[in-house]
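Asker: The structure follows.
Every number here is computed from the coordinates shown, using simple stated rules; none is lab data. Predicted model, so just to flag it, every value in this text is computed and none were measured. Cβ: placed from backbone, ideal geometry, glycine included. Neighbour counts: every protein chain shown.
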Amino acid sequence: MDRDVRRDARRRTWDKMASGWECRHEWTEASMGVVNDWLIDRITPAPGQVVLEVAAGPGDLGHRVAQRVAPAGRVISTDFAPEMVEVARRLGSAQGLDNVEYRTLDAEQMALDDDSVDAVLCRSGYMLMADPDAALRESRRVLRTGGALAFSVFTTAEENPWFAVPARIFVERGHIPKPEPGGPGVFSMGDPGRIRELVTGASFADPEIEAIAFAFEHADEDDVWNAIVDLKGPLAAAIDAMDVEEREATRSAVLDGFAPYRSAAGAYLVPTRTWGVLTS
């Protein structure tokens, strides 16, 4: 399939996911709070700075930074899915933030001036892009000399059952294809060597890479399944295409896969591990 066709398909998928991310934004922010903390601490945002957030989704990371750079500074909150940009805009407005600029922007071709931002942030975005090399080169281009790039990407499937378990089951049942070697995906940047190759290839310095462990908490079986339906783009799209009987069978298989993470009370605590990356 042509790369542009794939990109358009992903854009439509994430546009469709926007409402789920809006409904669950408090849960996702709480779940990934330790990652947000790491990224923000590493760029040390200061009043008056301009900070770019790439692949912002609902914008919670950038919204926190906006408070740190106010009143004279601003955040440019961007995503390639227009509906995600509108979600971020609504959530930022609800917080009364007036120093965030929301833009629909393809990270691989950013309509921003050279040397125009003091720092760049990206949480769980570069790994999903069709051309992360191009996206990182663009991030380098717009970043001022001495500015920091901080981003996160998930490690390996073995350390991230929250996605690996349902993805394996969906592949086994014929609902999604196996990931293409070298293609975009949740674990495509799980190898630190690959991260270094991409980062230094984009003319950044050799990066600091640190593991960040946390967990996704689910109250019960319904919450486990609904998180897939609401948030996990390609898996959610596959669910939409299932008939009722197959959906229930797939749901049962996924919950069986998550059984090791279920407590006696019926709640789930699913371990997760991501790389935090800092460079300049």
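Asker: Can you classify the stretch 99-155 as rounded, prolate or oblate using the Cα gyration tensor, where a ≥ b ≥ c are the square roots of its eigenvalues, rounded means a/c under 1.5, and otherwise it's prolate if a/b beats b/c and oblate if not?
Answerer: Taking the square roots of the gyration eigenvalues as a ≥ b ≥ c, the stretch 99-155 is rounded.
Asker: Ok, one more. Rg(Cα) of the stretch 1-83 divided by 2.2 N^0.38 Å?
Answerer: Relative to the rule-of-thumb radius for its length, the stretch 1-83 sits at 1.24.
Asker: With just the Cα atoms defining each centre, how far is the stretch 55-127 from the stretch 152-183? Give it in Å.
Answerer: Spelled out, the Cα-based centre of one part sits 28 Å from the other.
Asker: Now for a separate question. Apply the Debye scattering formula to the stretch 158-234, with a single equal point scatterer on each alpha-carbon and no solvent, then give log10 I(q)/I(0) at q = 0.16, 0.25, 0.26 Å⁻¹.
Answerer: -0.79, -1.26, -1.30
Asker: Between Ala205 and Asp222, what is 0.36 nm times their sequence separation minus the Cα-Cα distance? Round to one decimal in nm.
Answerer: Working it through step by step, the gained length comes to 1.7 nm.
Asker: Between Ala253 and Ala130, how high is the FRET efficiency from 1/(1 + (r/R0)^6) when r is the Cβ-Cβ distance and R₀ = 35 Å? Nearest 0.05.
Answerer: 0.70
Asker: What is the local net charge at Leu128, summed over the other residues whose Cβ is closer than 12 Å to its Cβ (Lys, Arg +1; Asp, Glu -1)?
Answerer: +3
Asker: Turning to a different aspect of this structure: Using R₀ = 51 Å, calculate the FRET efficiency as 1/(1 + (r/R₀)^6) where r is the Cβ-Cβ separation of Arg168 and Gln67; round to 0.05.
Answerer: Once rounded, the FRET efficiency stands at 0.80.
Asker: Also: What residues from the stretch 139-171 fall in the zone where the backbone N is under 13 Å from a label point 7 Å along the Cα-to-C-beta line of Thr44?
Answerer: Once the point is set 7 Å along Cα→Cβ of Thr44, 147-148 turn out to lie under 13 Å by backbone N, inside the stretch 139-171.
Asker: Please work out, to two decimal places, the log10 of the ratio I(q)/I(0) at q = 0.10, 0.22 Å⁻¹ from a Debye calculation in which every Cα of the stretch 65-184 carries one identical scatterer.
Answerer: The Debye formula, applied to the Cα set alone, gives -0.41, -1.31.
Asker: Whole-Hz Karplus ³J(HN,Hα) for the stretch 8-21, in order, using 6.51 cos²θ - 1.76 cosθ + 1.60 and θ = phi - 60°, x for Gly and Pro?
Answerer: Per residue, the Karplus-derived 3J(HN,Hα) values read 5, 5, 5, 4, 5, 4, 6, 4, 5, 6, 4, 5, x, 5 Hz.
Asker: In addition: Give the shape of the stretch 167-280 as rounded, prolate or oblate, defined through the alpha-carbon gyration tensor: a ≥ b ≥ c are the square roots of its eigenvalues, a/c under 1.5 means rounded, and otherwise the shape is prolate if a/b is larger than b/c and oblate if not.
Answerer: Oblate, since a/c reaches 1.5 and b/c is not below a/b.
Asker: For the chain, I need the span (max minus min coordinate) of the C-alpha atoms along each principal axis, in Å, sorted largest to smallest.
Answerer: In descending order, the Cα extents are 54, 39, 33 Å.
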